[in-house]
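Read the structure below first, then the notes.
The values are calculated or read from the model by the stated rules, or taken from the named source; none is laboratory data. Keep in mind it's a predicted model, so treat the numbers as computed, not measured. A quick note on method: Cβ atoms are made from the backbone with ideal geometry, for glycine too, and the neighbour counts reach across all protein chains shown.
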Amino acid sequence: MHLLSGFSILGFLFQSVSPQLLNFKTLSALKHLFNILTNSGMSEILLKDALQQIYLNPHIWAYSSYEVQRELYLFLIQYFETDGKLLPMLCGLPRIIDIVRQFYSEKLDARSSKPLLHLITEQVIGERPHIEEIRKIRLLLLSLAEMSLKLKVSSHDIRALVSFFEKSQDVACIEDVLYMIIRALSQNSLLSSFLEQVNSVGGCYIFINLLKREFEPIRLLGLQLLGKLLVGVPSEKKGPKLFGLPVGRPRSMSENIRKGIAATPQLFFYSISERLFKFPLSDHLCATFFDVLLGGASPKQVLQKRSQSNELNDRSSTSVVSLAPFYVPQILVCIFKYMHSCQDASARAKILSDLLDLLDSNPSNVEAIMVITTCCISRPI
């Protein structure tokens, strides 16, 4: 099969099969074939060919029923959970994004969204699943990409992600991809390697255009993504490379350039502010600013946790200091700007109350806010 490109031929033949024949009986036979291949002497080589040409070939499955596609991708997820050796090669982010864009987008081109007709009789032999079903299949495919990222992240993954965010007009797809990435970055080992690759292709600035999107949920998810990345970087490494402005001039670097490099983090947060405040203010935006400030929590959660901890530890100073740190204190600039622009007095009072409680919860927060305030006075944004 391998020497004669048998799976490539089989995959080509499957592409011409009527989707009506791609039913549970066919899928059951393919599962049986898969199990035989896993136990063969050349299992890795044959499985790679079979997965690439048949099981992960959307040209075969796109017009089959939702139930069959769901069963197929659940079967593949189950397999890759037990053996992920081929995952980065076959289900890397660039490939999955390409499959999603071409076959499981909610903005398919006119030709792709039409029913599939028989070449001779012109009778309908296959139709795309409904929009809700397409989204469920898309989420299963993105689960494969997430599993792949957890094993290995490359610069190609980051470039494919940025390209997708820049070019795609399908807000539902972008939203699903962002949710997947943010969820995956909750794993610290992945966050570290993901950040390394982000820095290698331009720093956090490569994601900043997400904040210009008209659809608010994407702007807020983009802000959460930037927050995740900034939380993951040790403070001593939050330099120009991370924030994505060009550095690295020869020895004869002028004083102006040196000042520019020192101001890079501030310019980065100015860029965040500039993009977000072009749109109307909302409670969701304010909540997301605090989410970034507190590393993924809300003031209420943090203060509740502090209160419980104090009760258990009789208000021990150690427990208080370790709670509610400002993970990304630079975002305070955006919170202050939000307060300045907000016309609702009760909302402003609530923000101030939360900030005062957070300052009281951890002495290091007072120091952080003083540093940010000093920077704002010396270099106003």
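The rows are residues; the columns are (1) in a helix (DSSP H, G or I); (2) more than 14 Å from Leu223 (Cβ to Cβ); (3) modelled with pLDDT of 90 or more; (4) basic (Lys, Arg).
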| residue | (1), (2), (3), (4) |
| --- | --- |
| Asn256 | yes, yes, no, no |
| Gln266 | yes, yes, no, no |
| Glu274 | yes, no, yes, no |
| His284 | yes, no, yes, no |
| Phe290 | yes, no, yes, no |
| Leu312 | yes, yes, no, no |
| Ala349 | yes, yes, yes, no |
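Mind listing just one residue for me: the one in the range 6-20 that is assigned to a helix (DSSP H, G or I) and in contact (Cβ under 8 Å) with a residue 60 or more places away in the chain and, of those, nearest to Arg128 (Cα to Cα)? Looking at the filtered set, the residue picked out is Pro19. The residues in the range 101-154 that are at pLDDT 90 or above, exposed (fewer than 14 other Cβ atoms within 10 Å of the Cβ) and among the aliphatic types (A, V, I, L, M) can be counted, and the count is 1.
Could you list, in sequence order, the residues of the range 351-372 that are small (Gly, Ala, Ser) and either at pLDDT 90 or above or under 24 Å from Arg275 (Cα atoms) (or both)? Let's see the steps before the verdict.
Here is the first cut: in the range 351-372, the residues small (Gly, Ala, Ser) are 353, 361, 364, 368.
Matches in the range 351-372: Ser353 only.
Can you find even one residue in the range 31-43 that is of a type in the set (Val, Ile, Thr) and either in a helix (DSSP H, G or I) or modelled with pLDDT of 95 or more (or both)? Yes; the residues of the range 31-43 include at least one that is of a type in the set (Val, Ile, Thr) and either in a helix (DSSP H, G or I) or modelled with pLDDT of 95 or more (or both). For beta carbons closer than 7 Å, sequence separation of 6+ or different chains, a first residue in the range 218-233 that is more than 15 Å from Ala287 (Cβ to Cβ) and a second that is of a type in the set (Phe, Trp, Tyr) and at pLDDT below 95, the qualifying pairs are Val231/Tyr327.
Is it true that Cys375 is part of a helix (DSSP H, G or I), under 24 Å from Leu285 (Cα atoms) and modelled with pLDDT under 85? If you could, list the steps in order and put the result at the bottom.
Details: part of a helix (DSSP H, G or I): yes; under 24 Å from Leu285 (Cα atoms): yes; modelled with pLDDT under 85: yes.
Against the criterion (part of a helix (DSSP H, G or I), under 24 Å from Leu285 (Cα atoms) and modelled with pLDDT under 85), Cys375 qualifies.
Could you list, in sequence order, all residues of the range 63-86 that are among the small types (Gly, Ala, Ser) and under 15 Å from Thr26 (Cβ atoms)? Hits for the range 63-86 are Ser64, Ser65.
Annotation: Gln69 fulfils all but one of (1) more than 17 Å from Gly11 (Cα to Cα); (2) in contact (Cβ under 8 Å) with a residue 60 or more places away in the chain; (3) assigned to a helix (DSSP H, G or I); the unmet one is (1).
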